[in-house]
Amino acid sequence: MAKRYKYESFTCINYDDMMETYNQMYAEDYQLIGYRLFKSSELYQKAVLTLYPRRKGVKKDGKGARSG
C-alpha cells in the first residue's frame, strides 16, 4: 500500500513560527514527518512540511482507544 503523505507549504519568519503554525493547523490530524525551510526574502522563509495522517482512535501517546 502506498504512503499517503501530504505536503503543505506556507511562508513563515523562522523555525519557531513554522512549528507554531503546524501545532495550530495540522497537529491534531497529521503527524509531522519532515520539514524544509527555504529562504525566500530577507524577512520570510518558505516552509514545506511533510505530513502523514493520524489514525482514527489513536491517542497522541501512541496507545489505541481499545483496551484488552
Inset, instruction - Output the residues belonging to the range 1-37 that are among the hydroxyl-bearing types (Ser, Thr, Tyr) and either exposed (fewer than 15 other Cβ atoms within 10 Å of the Cβ) or closer than 17 Å to residue 56 by Cα (or both). - result: 5, 7, 9, 15, 26, 30
Legend entry - Subset of the range 33-57 (residues that are at negative phi and in a loop (DSSP other than H, G, I, E, B)): 40, 41, 42, 43, 44, 54, 55, 56
Legend entry - Residues located in the range 1-32, provided they are over 14 Å from residue 51 (Cα atoms), touching a residue at least 12 places away in the same chain (Cβ under 8 Å) and either assigned to a loop (DSSP other than H, G, I, E, B) or touching a helix residue (DSSP H, G or I) at 6+ places or on another chain (Cβ under 6 Å) (or both): 12, 13, 14
Legend entry - the range 7-57: number of residues that are of a type outside the set (A, V, I, L, M) and touching a Ser or Thr at 6+ places or on another chain (Cβ under 8 Å): 10
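Every number in this text was worked out from the coordinates using simple rules, so none of it is lab data. Everything quoted here is computed from the prediction, not taken from an experiment. Please note: Cβ atoms are built from the backbone with ideal geometry, for glycine as well, and neighbour counts cover all protein chains shown.
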